[in-house]
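Data first, discussion second: the structure below is written as structure tokens.
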Amino acid sequence: MHKTGLLGLCARAWNSVRMASSGMTRRDPLANKVALVTASTDGIGFAIARRLAQDGAHVVVSSRKQQNVDQAVATLQGEGLSVTGTVCHVGKAEDRERLVATAVKLHGGIDILVSNAAVNPFFGSIMDVTEEVWDKTLDINVKAPALMIKAVVPEMEKRGGGSVVIVSSIAAFSPSPGFSPYNVSKTALLGLNKTLAIELAPRNVRVNCLAPGLIKTSFSRMLWMDKEKEESMKETLRIRRLGEPEDCAGIVSFLCSEDASYITGETVVVGGGTPSRL
């Protein structure tokens, strides 16, 4: 082969590698995948559902209120996305079962679960937390995700495997003052992530965590509701802005895709450079 021909071949090969790594040649990396996203009619969950659908997945959204489900589905279907939805209170076994059954009935199986539902019913000292608050927080934030994963894994196995993303929080690494039970529950999710990643690897199910920092949602509103608070929070960030829900969506899509096929048991912090760990 002539030198010029060889150089041309090398250039084309390198260009293919560059385009693949940048995503330029990738279209619909989640094509024909079926994804469940809990608490996905607003905020981070909604942004994740939209991105998974944009990347080719059939997405089933859910939340506790039918009107919120209807509104989210209408919005995303209006964007031409393959999205359906159902009511699901993750703390109720019958609701979890209905969510799984809905996905199987509509799309034949489940490939992806994003466990996003969480509550924070208390603000104050950990010494003032009642047993009722502990029960509610741990039931919804820790036990429910574990049981939701238990419900979807058999369906994932029928498809040859799957991917789970558990939404934790940067509070798992650096507790937020006043959010005592919430902090503890989010730290517990890191342990759930590690344990499940080991146990489910032989079933070809990968499990990873997302740990958002301060993201502008209604859930975190009390931390940024006025300009003075917002500016104060920005001072703690390397990137001098608060996060948007969309900042979390791309990394979740990546973790659910074949590009992340060798990644399990990991936690990705999306926190604008907020100190979190070594």
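Annotations for the structure displayed:
- Any hit, segment 116-126, residues being buried (at least 18 other Cβ atoms within 10 Å of the Cβ) and either of a type in the set (Gly, Ala, Ser) or out of contact with any helix residue (DSSP H, G or I) (no Cβ under 8 Å at 6 or more places or on another chain) (or both): yes
- Taken over segment 48-58, residues that are open to solvent by 60 Å² or more (accessible area, probe 1.4 Å) and of a type in the set (Lys, Arg) amount to 1.
- Residue pairs meeting the criteria (Cβ under 6 Å; at least 6 apart or on separate chains; first aliphatic (A, V, I, L, M), in segment 82-98; second open to solvent by 50 Å² or more (accessible area, probe 1.4 Å)): Val83/Gln77; Val87/Gln66
- Filtering segment 171-183 to residues that are in contact (Cβ under 8 Å) with a residue 24 or more places away in the chain, part of a helix (DSSP H, G or I) and surrounded by fewer than 24 Cβ atoms within 10 Å (Cβ to Cβ) leaves Ser180, Pro181, Tyr182.
- Summed over segment 127-141, residues that are more than 17 Å from Cys88 (Cβ to Cβ), touching a helix residue (DSSP H, G or I) at 6+ places or on another chain (Cβ under 9 Å) and open to solvent by less than 80 Å² (accessible area, probe 1.4 Å) total 5.
- Considering (1) modelled with pLDDT of 95 or more; (2) outside any helix (DSSP H, G or I), the lone condition that Ala197 does not fulfil carries the number (2).
- Taking the conditions (1) surrounded by fewer than 16 Cβ atoms within 10 Å (Cβ to Cβ); (2) at pLDDT below 95 in turn, Met233 satisfies each one other than (1).
- Filtered by the rule that a residue be closer than 14 Å to Leu106 by Cβ and open to solvent by 70 Å² or more (accessible area, probe 1.4 Å), segment 59-85 gives a lone residue, Gln77.
- So Val114, is it within 21 Å of Ile48 (Cβ to Cβ) and touching a residue at least 12 places away in the same chain (Cβ under 8 Å): yes
- Scanning segment 245-278 for residues that are open to solvent by 80 Å² or more (accessible area, probe 1.4 Å) and more than 20 Å from Ser174 (Cα to Cα) turns up Glu246, Glu258, Asp259, Tyr262.
The values are calculated or read from the model by the stated rules, or taken from the named source; none is laboratory data. Quick caveat: nothing in here was measured; it's all calculated off a predicted structure. All Cβ positions, even for glycine, are placed from backbone atoms using ideal geometry, and neighbour counts span all protein chains on display. Note: areas computed on protein heavy atoms with side chains; ligands, DNA, RNA excluded. Shrake-Rupley method; radii C 1.70, N 1.55, O 1.52, S 1.80 Å.
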